[in-house]
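So the structure is just underneath, and the comments pick up after that.
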Amino acid sequence: MTHADDRLGAPDRARSPFPLRTRNLPPPQVRELPAPPRQAWRIIGPGIVAAGVGLSSGEFILWPYIASQAGLVFLWGAVVGVVTQWFINMEVERYTLATGETAVTGFNRYWRHWGAVMAALTYAANLWPGWATSSATMLSYVFGGNPAVIGVALLAAIGAILTMAPVVYNALERLLFVKLAVIGGFFALATVLAVKASSWADLPQGATHVGQFPSELGIAVLMGAIAYAGAGGGQNLCQSNWIRDKGFGMGHYVPCLVSPVTGKEESAVSTTSAAGYVFEPTGENLARWRRWWRFANLEQGMTFGFVTVATIVLSSLLAHSMLFGTEGLSNDVDFVREEGERLQGAVGGWFGVTFWMIGAFSLFTAATGIVDYTSRMAADVLKNTYLRGRSVTESRLYFRLVWGMVAIGAIVLFSGFDQPLVLLVISACVAGLMMFVYSILLLVLNRGSLPRQLRVRNYRAAALVWAVLLYGTLAVLTVRQQIIDHF
């Protein structure tokens, strides 16, 4: 079911009440801002998707690795990272709530090719099927077999899930609800069976050592952990696409991505008349806006913010109990194997197997979300910037891009290549650089393209300035470290 059933009627483009630039894209249509639901629980979903996709190698490997080497003194960094990304996500949502356009489309109003740059950087970071490979490796710990073959099967399953779901967002949301429920159940069990009293006693150090960096791990690793706590790279920008498909704000008027096999597509003609939808800042519309904005902040805080921080803390507690003080641990999927073996010894063989299975499922669902948001961003850019007026729909572009990523991943895995040096370097450098750039663009966009009553200001503008400084520093440190390590 789409949100565009009530889009009939003559568009009003006489004068836009929003100061949107129209040199690169057509002006928006003027419509009423839809009323938000009366109960906040009805809009819960996009934050769950953001948290579910973001809970991957960082929560299962990087933060637990830090806890195993330096203790729990750096958990304050996770809170800083998640809060920073919460502010970024809300500024991405602000623009889409107000215009129905994605933030990337808004960037294109300033320069036509910003979206292509963002999509290219997202592909550069995600083209290598690392999450699917890690999931396959964990499954091989339990069942044996060739991780490459298992990885290709997982990629095919991802393509099938995203293709056969009548409405893609709904399927992704349900899958990630299941993921978070499974992970939550496991950690509830782990706190009883595996987390030691000494680890609970050390937990307050995460709050009492704010501002201290464990010197044994290096500033680049720690800054990276802060920056990518939760999400990172193109995932934050795709918050626009997810809230549109959920029907938030002016996104109510934009069609959902639907399956070309099992879904009902809208006519492509109906999606080409305007780039977005805006509303007159009347008293009634502004009252609705304030409710939408309050609900959106609450949804992101309860889901993305709380769930991400809680998962990082619990996974770090578990790793601290099992591995603190162990030298020579790898900061990759082998770390999870060592942790699972320790859990088998401490609790029982079944518990280690459960840990690996949940890790495999977590990384598989993360890979599903990564294929989804990478393809969503590229489809949005292609349709709304370069293929406007063409008969192809955004949904069909999306599915071609999904299967393109699946095919490339399968070719890479069947070829038996380890991750090429150039992709390793690009992946390490691109996310911080991308976040640095779009934090600047979000500040410009939400100051210059929205009416006075809606634009970003005060402490939220300061939070974007902080993000620019954080990700700019990270980008410089990461590029410098990669040059030293590899060149």
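What about LEU97, is it hydrophobic (A, V, I, L, M, F, W, C), closer than 30 Å to LEU329 by Cβ and either open to solvent by 30 Å² or more (accessible area, probe 1.4 Å) or within 21 Å of the chain's Cα centre (by Cα) (or both)?
Considered against the rule, which asks whether it is hydrophobic (A, V, I, L, M, F, W, C), closer than 30 Å to LEU329 by Cβ and either open to solvent by 30 Å² or more (accessible area, probe 1.4 Å) or within 21 Å of the chain's Cα centre (by Cα) (or both), LEU97 comes out as no.
Here the condition is being of a type outside the set (S, T, N, Q), buried (at least 23 other Cβ atoms within 10 Å of the Cβ) and over 27 Å from ILE440 (Cα atoms); of PHE74, PHE107, it holds for PHE74 alone. Listed residues GLY77, GLY106; which is farther than 21 Å from ARG460 by Cβ and among the small types (Gly, Ala, Ser)? So the residue among GLY77, GLY106 that is farther than 21 Å from ARG460 by Cβ and among the small types (Gly, Ala, Ser) is GLY77.
Looking across SER321, SER316, SER330, one residue alone is hydroxyl-bearing (Ser, Thr, Tyr), open to solvent by less than 10 Å² (accessible area, probe 1.4 Å) and either within 28 Å of the chain's Cα centre (by Cα) or on the phi > 0 side of the Ramachandran plot (or both). It is SER316. Exactly one residue out of VAL82, VAL30 is over 30 Å from LEU382 (Cβ atoms) and either in contact (Cβ under 8 Å) with a residue 24 or more places away in the chain or of a type in the set (Ser, Thr, Tyr) (or both), and it is VAL82. Out of segment 362-397, which residues are open to solvent by 20 Å² or more (accessible area, probe 1.4 Å) and closer than 21 Å to GLY232 by Cβ? The one that is open to solvent by 20 Å² or more (accessible area, probe 1.4 Å) and closer than 21 Å to GLY232 by Cβ: PHE364. Taking the condition crowded, with 19+ Cβ neighbours inside 10 Å, of a type in the set (Val, Ile, Thr) and modelled with pLDDT of 90 or more, does VAL430 pass? When the stated conditions are applied, VAL430 does not pass them. Assess whether ALA50 counts as being buried (at least 21 other Cβ atoms within 10 Å of the Cβ) and closer than 28 Å to TRP111 by Cα. The answer is yes for ALA50.
Taking first residues from segment 310-338 that are charged (D, E, K, R) and partners that are open to solvent by less than 60 Å² (accessible area, probe 1.4 Å), the Cβ contacts under 7 Å between residues at least 6 apart in sequence or on separate chains come to ASP332/ILE61; ARG337/TYR141; GLU338/LEU323; GLU338/LEU329.
Cβ-Cβ contacts under 9 Å between residues 6 or more apart (or on different chains), taken from a first residue in segment 396-421 that is at pLDDT 90 or above to a second residue that is outside any helix (DSSP H, G or I) and among the polar types (S, T, N, Q), are listed as PHE399/SER259. Looking at TYR95, is it among the aromatic types (Phe, Trp, Tyr) and closer than 23 Å to THR326 by Cα? Answer is no for this residue.
In this structure, ARG174 does not satisfy being over 18 Å from the mean Cα position of the chain (by Cα) and of a type in the set (Lys, Arg).
Under the condition of being more than 16 Å from CYS256 (Cβ to Cβ) and either touching a Pro at 6+ places or on another chain (Cβ under 6 Å) or assigned to a helix (DSSP H, G or I) (or both), the residues counted in segment 378-396 number 5. When GLU101 is tested against (1) assigned to a loop (DSSP other than H, G, I, E, B); (2) touching a helix residue (DSSP H, G or I) at 6+ places or on another chain (Cβ under 6 Å); (3) not basic (Lys, Arg), only condition (2) is not met. Cβ-Cβ distances below 9 Å connect the following pairs, each with a first residue in segment 155-167 that is touching a residue at least 12 places away in the same chain (Cβ under 8 Å) and among the small types (Gly, Ala, Ser), a second residue that is surrounded by fewer than 21 Cβ atoms within 10 Å (Cβ to Cβ) and part of a loop (DSSP other than H, G, I, E, B), and a separation of six or more residues or different chains: ALA165/SER259; ALA165/THR262; ALA165/GLY263.
The values are calculated or read from the model by the stated rules, or taken from the named source; none is laboratory data. None of the values given here were measured: they were computed from a predicted structure. Cβ sites come from the backbone with ideal geometry, for glycine too, and all protein chains shown count toward neighbours. Protein only, heavy atoms only, side chains kept; ligands, DNA and RNA dropped before computing areas. Shrake-Rupley method; radii C 1.70, N 1.55, O 1.52, S 1.80 Å.
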